[in-house]
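Below is one structure, written out as C-alpha cells; the observations come after it.
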Amino acid sequence: MSNVIFKGIDSDSITGLLISEQPDIVRPPRRTNRIEIDGRDGDIPEYLGYESYKKTILVGLHSGYDIDEIINFFTGEGWVTFGNEPTKRYYARIDDDASFERLVRYRTGKVTFIVQPYKKLVTEADVTGSTTLTVTNQGYEQSRPVITIVADADEVVALKINDITVATVTMPAEGTITLDTEELNAYNSGGDKNDKVVGTLDFTLESGVNEVDWTGTVTSVTVTPNSRWL
C-alpha cells in the first residue's frame, strides 16, 4: 500500500521518495441542478453527471533523493493507481504546484491529483469471437466499451447490445473499424470512419452480463468492456 503508479512509473523506482499516506476512497461529487417551482415544497434535483475531484497523497523524502526526478514524476497527466486500490486506475492530472519547497525543507509534503470520476480495472481481458459474445461489465456502473469489427469491405453489420440495434456499420475498404463509445468516435488505421456508421455510438454495457450480437458476416468482433466504478 506504500506506492503510487503514475504514467506507467512506480514511485518505488524513484530514489528517496516515500508515499506515507494514500488518499481516501470516496465517491465523486455529483453535479446537480436544483429546480424550484412556486407553490411546491422543496425542489426537484436534475442530475447532470459526476465531477472530477481531488485525491491527495502525503509524501516524504529519505537519503539519496533527487528533487528534480521527483518533480518530474509528479508532473503532467496519465493513468494513476494508488496503493490502497491496486486493481483500479484513475485518469488523473496534476494542476496545482505540489509543495516541493516544503518537501525539501521538512522532508514531507502533499501532492494532489485531479481525477476523472470513473475508475477502471488496471487489466481487463478483451472478448473476441465471430458469433454472439457474452461480455461482462464487472463494475457497478454502466460502462462505455470499445468494439472492433473485422469484416469484408462494404459488408453491412448491424450491431446489437442486449437485443437492441445500436448502430449499423458499412465496412470500410480496410476491412476493420473501431467504435469507441467513450470518445464517440469511429476510426481505423486510415483515420476517421464516422461516415460509415448509422445510428449512435452513445451506448453502454449494463453492470453484469451483456449480450453483443450482430447481423451480417464478420471475421471477428472484439469488445473491450471498460468496466468501471465510481
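The values are calculated or read from the model by the stated rules, or taken from the named source; none is laboratory data. Because the structure is a prediction, the values reported are computed rather than measured. So basically every Cβ, Gly included, is an ideal-geometry build from the backbone, and we count neighbours across all protein chains shown. For accessibility, only protein heavy atoms count, side chains too; no ligands or nucleic acids. Shrake-Rupley method; radii C 1.70, N 1.55, O 1.52, S 1.80 Å.
Quick notes on this structure:
- Charge dipole of segment 153-230 (Cα centre as origin; +1 on each Lys and Arg Cβ, -1 on each Asp and Glu Cβ, all else neutral): 60 debye, rounded to the nearest 20.
- 19 Å reach of a label modelled at TYR53, 7 Å along Cα-to-Cβ, counting backbone N of segment 191-230: 228-230
- Counting protein heavy atoms only, the chain has 46 percent of its accessible area on carbon and sulfur, 1.4 angstrom probe.
- Remark: the chain carries 54 Å² of accessible area per residue (probe radius 1.4 Å; ligands, DNA and RNA excluded).
- Exposed loop positions in the chain were taken to be trypsin sites (Lys or Arg not before Pro) whose DSSP state is not H, G, I, E or B and which have at most 16 other beta-carbon atoms within 10 angstrom. Between these positions, the longest stretch is 108-230.
- Segment ASP38-ASP126, extension gain: residue separation times 0.36 nm, minus the distance between their alpha carbons: 26.5 nm
- For VAL104 and ASP12, a Förster radius of 22 Å and the Cβ-Cβ distance give a FRET efficiency of 0.60, rounded to the nearest 0.05.
- Close lysine pairs were tallied over the chain: pairs 8 or more places apart or on different chains with Cα atoms under 20 Å apart number 18.
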